[in-house]
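Worksheet: one structure, shown below.
What follows draws every value from the coordinates through simple rules; no lab data is involved. For clarity, every value in this text was computed on a predicted model and none was experimentally measured. Glycine gets a Cβ as well: all are built from the backbone with ideal geometry, and neighbour counts include every protein chain shown.
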Amino acid sequence: MGKSMVATSLAVEFARQNKTILVDADAECPNDHLLLSIKRKKHATCYQPIPKWDFKKCTKCGKCASVCKQNAIVFTKGKYPAFVKDVCIGCKACIVACPTGAITETKKEIGKIYTGKNYNVNLVSSELKLGELASGEVVAEVRKYSDKINKKVKVVTATVKGDNHDIGKNILGSLLLSSGFEIIDLGMDVDEKVIVDKVKETGATIVALSSLLTMTVESIKTVHEALIAEGIRDTVKLVVGGAPLNMELAKKLGADDFADDAVDGVKHIKKLAGL
């Protein structure tokens, strides 16, 4: 079975439960869109830097050709260099080597990035222009774009002020990490100001708090009020867990949601994140 068949089959299976992005980095012969019956749309054009000569400044020294490892510059003594554009990979060595500044940078099109969706799979693929060699440039752009649309949801986890229990919080963090979330773990006995400052610093959209002691559950309300005071309560979802808590009490303390355990917490956080 080919790699494209394996990749698309796995993507479709993963997409049954989670948001799935399939990156087809085979720039020379992309075909995942065919297997997924996706009609792709052009998202962007990829360019590569290439040299441009000002022959009024060129002294016909040949240094540009001597540093070109791709043999894209052909030099004959006493003549201006000839440039084979399709062979150039954009290393810019000739620009650096030119002693008179006769070579500047321009660009050429080397490929395109396409996007599409089917079977709940978001596809990002690249296609190298016929005859081009620098597939790495196109693949790098595809990965950059896929990272952008696959931006991870940031979750701040902490055990509230006055509580030094962290087993449940740590399990939750590990499960969320394996589910593709970015975890900012503040540890145990965390002051509300530390939590608020970290939310502001990281742009986290979910705060998960643990309280295992009856005497510390009021700290949840303190965090809720601190977020309001800083004007960022509407930008985050607050989910809580711990033995003394239930959904009714969690709501009274200002939380958006309650989870019975770490596994349940992952389900609730995915829902809050819209995943």
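Points to keep in mind about this one:
- Least to most buried among M215, M247, M188 (fewest other Cβ within 10 Å first): M215, M247, M188
- Each Lys or Arg adds one and each Asp or Glu subtracts one; over the other residues with Cβ under 10 Å from the Cβ of L212, this totals -1.
- Long hydrophobic helices in the chain, taken as whole DSSP H segments with a C-alpha length of 18 Å or more on their own axis and mean Kyte-Doolittle hydropathy at least -1.0: 135-149.
- Alpha carbon centroid spacing (whole Å) that separates the range 140-206 from the range 87-133: 36
- Estimated at 0.36 nm per residue, the fully extended path between K221 and L177 surpasses their Cα-Cα distance by 13.2 nm.
- Projecting the Cα atoms of A15, P51, V124 onto the dipole axis of the chain, where Lys and Arg carry +1 and Asp and Glu carry -1 at the beta carbon, places P51 farthest toward the positive end.
- Fluctuation leader among K251, K117, K56 - the chain, Gaussian network, Cα springs under 10 angstrom: K56
- Karplus 3J(HN,Hα) series, Hz, for the range 86-103 with 6.51 cos²θ - 1.76 cosθ + 1.60 (x for Gly, Pro): 5, 8, 5, 10, x, 6, 6, 4, 5, 5, 5, 6, 5, x, 10, x, 6, 10
- Computed from point charges on the beta carbon alone (+1 for Lys and Arg, -1 for Asp and Glu), the dipole magnitude for the range 1-127 about its Cα centre is near 620 Debye.
- Remark on the chain: C29, C46, C58, C61, C68, C88, C91, C98 stand apart, with no other cysteine beta carbon under 4.7 Å.
- This ranking places V142, V196 by how few other beta-carbon atoms lie within 10 Å of each, fewest first, which gives V196, V142.
- Three principal axis extents of the range 41-162 based on alpha-carbon atoms, in descending order, are 78, 44, 22 Å.
- The range 42-57 and the range 209-254 have Cα centres spaced 56 Å apart.
- Residues S146, S210, sorted so that the one with the fewest Cβ neighbours within 10 Å comes first: S146, S210
- Charge dipole magnitude, Cβ of K and R +1, D and E -1 - the chain, Cα centre, debye nearest 20: 2080
- The chain, Rg to Rh (Cα coordinates; Rh as Kirkwood inverse mean 1/r): 1.20
- Dividing the convex hull volume of the alpha carbon atoms of the range 154-272 by its residue count gives 81 Å³ per residue.
- Mean ellipticity per residue at 222 nm, deg cm²/dmol - from DSSP H runs of n ≥ 4 across the chain, formula -39500 (n - 2.57): -9500 deg cm²/dmol
- Full extension of the chain between K77 and K39 gives 8.5 nm of extra length, using 0.36 nm per residue less the Cα-Cα distance.
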